[in-house]
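Read the structure below first, then the notes.
The values are calculated or read from the model by the stated rules, or taken from the named source; none is laboratory data. Quick caveat, the model's predicted, so the values are computed rather than measured. Every residue, glycine among them, receives a Cβ derived from its backbone with ideal geometry; neighbour counts consider all protein chains shown. Just so you know, the surface numbers come from the protein's heavy atoms only, side chains and all, with ligands and any DNA or RNA stripped out. Shrake-Rupley method; radii C 1.70, N 1.55, O 1.52, S 1.80 Å.
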Amino acid sequence: MLLAVDIGNTNIVFGCVNENDEIVVFERISTDHNATAAEYASLIKNILEMNDFRCCDIDNAIMSSVVPSVTNIVKEAVNKLFHVDIMIAGPGVKTGLNILIDNPKQLGSDQAVDAVAAINAYSAPLIIIDMGTATTVSVVDKNKNYLGGMIFTGIGVATDALINRTAQLPKIDLELPPNIIGRNTIDCMKSGILYSNACALDGIIQRIEEELGYSCTAVATGGLAPVIVPLCRKNIIIDPDLLIKGLTIIYHKNKKK
């Protein structure tokens, strides 16, 4: 069984993929910059056991990461548990992407992995949205070329900044308020945060399509996608497994015969 790991600034996603490329485990934990390899190993072992698997069921592993300080710690944890050399999705690893940005080496590994999965699962042209600490947007044209995209402040970061930089605004849960017009401070904050992001996605998709000159398939992933996408007016597919699917494809492209 293949272990696929994606390390983000806020969360780490773990997925286990069986020999039929079916995702049989999908779990998300908080990224802890202070955790040791032993602590991460314990977490991974617990995730497997919670899903009725054992360490001996894992015989291969692949990882993408945008947090260099955590990458080697998790890599060491995987080695301790499974005694396998984990493949790192990054420079030198074949993805099959034709990347047309100014410096392809600057493309985040998570964006590359998302694009690989989306191209294999959905019809190009594509707009791929990943809603994490930052919200990233990737654009793939009708010939499956990776053109570029945009990066803007994620919902959690923006909300924390709003609360920390104001004297009287409280912490809130990102739950949908009863009306778009809030009638108290908390509902006003919820409405403003949720609907502003939904409108942002609608507007971004519209402007990208106008620049390209044709309609695109829009796909969203990331922990906050299920909160925001239902509020959008554009048709956006939610695919929470996009990163795990992409890592699985990249592993197969690069595994030794």
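Some notes on this structure:
- Given (1) small (Gly, Ala, Ser); (2) open to solvent by 30 Å² or more (accessible area, probe 1.4 Å); (3) at pLDDT 95 or above, index of the condition SER138 fails: (2)
- The residues of the range 12-67 that are small (Gly, Ala, Ser), closer than 26 Å to LEU107 by Cβ and in contact with an Asp or Glu (Cβ under 9 Å, 6 or more places away or on another chain), listed by number, are GLY15, ALA61, SER64, SER65.
- Test: residue in the range 38-58 that is open to solvent by 10 Å² or more (accessible area, probe 1.4 Å), assigned to a strand (DSSP E or B) and on the phi < 0 side of the Ramachandran plot: no
- Yes/no for ILE205 being touching a residue at least 60 places away in the same chain (Cβ under 8 Å), of a type outside the set (Asp, Glu) and out of contact with any Pro (no Cβ under 8 Å at 6 or more places or on another chain): yes
- In the set ILE58, ILE62, ILE47, only one residue is more than 29 Å from VAL229 (Cβ to Cβ), in contact (Cβ under 8 Å) with a residue 12 or more places away in the chain, in contact with a Phe, Trp or Tyr (Cβ under 9 Å, 6 or more places away or on another chain) and not aromatic (Phe, Trp, Tyr); that residue is ILE58.
- Criterion applied to ASP202, ASP114 was being modelled with pLDDT of 95 or more, under 19 Å from ILE237 (Cβ atoms), touching a Gly at 6+ places or on another chain (Cβ under 7 Å) and not small (Gly, Ala, Ser), and the one residue passing it is ASP114.
- Leading residue by the ranking (surrounded by the most Cβ atoms within 10 Å (Cβ to Cβ)) among those in the range 228-251 that are assigned to a loop (DSSP other than H, G, I, E, B) and among the charged types (D, E, K, R): ASP239
- Filtered residues of the range 13-34 (kept if surrounded by 17 or more Cβ atoms within 10 Å (Cβ to Cβ) and either closer than 14 Å to ASP57 by Cβ or without any contact (Cβ under 8 Å) to a residue 12 or more places away in the chain (or both)): PHE14, GLY15, CYS16, VAL17, VAL25
- Which listed residue, of ILE204, ILE163, is within 21 Å of GLY223 (Cβ to Cβ), surrounded by fewer than 16 Cβ atoms within 10 Å (Cβ to Cβ), out of contact with any helix residue (DSSP H, G or I) (no Cβ under 8 Å at 6 or more places or on another chain) and β-branched (Val, Ile, Thr): ILE163
- Of all residues in the range 94-118 being β-branched (Val, Ile, Thr) and open to solvent by 30 Å² or more (accessible area, probe 1.4 Å), the one that is farthest from GLY154 (Cα to Cα): THR95
- Pairs meeting the criteria (first residue in the range 215-242 and on the phi > 0 side of the Ramachandran plot, second residue crowded, with 17+ Cβ neighbours inside 10 Å and not polar (S, T, N, Q), beta carbons under 7 Å, at least 6 apart or on different chains) are GLY222/ASP130; GLY222/MET131; GLY222/GLY132.
- Looking across the range 77-93 at every residue that is open to solvent by 90 Å² or more (accessible area, probe 1.4 Å) and without any contact (Cβ under 8 Å) to a residue 40 or more places away in the chain, the one that is farthest from THR36 (Cα to Cα) is identified as PRO91.
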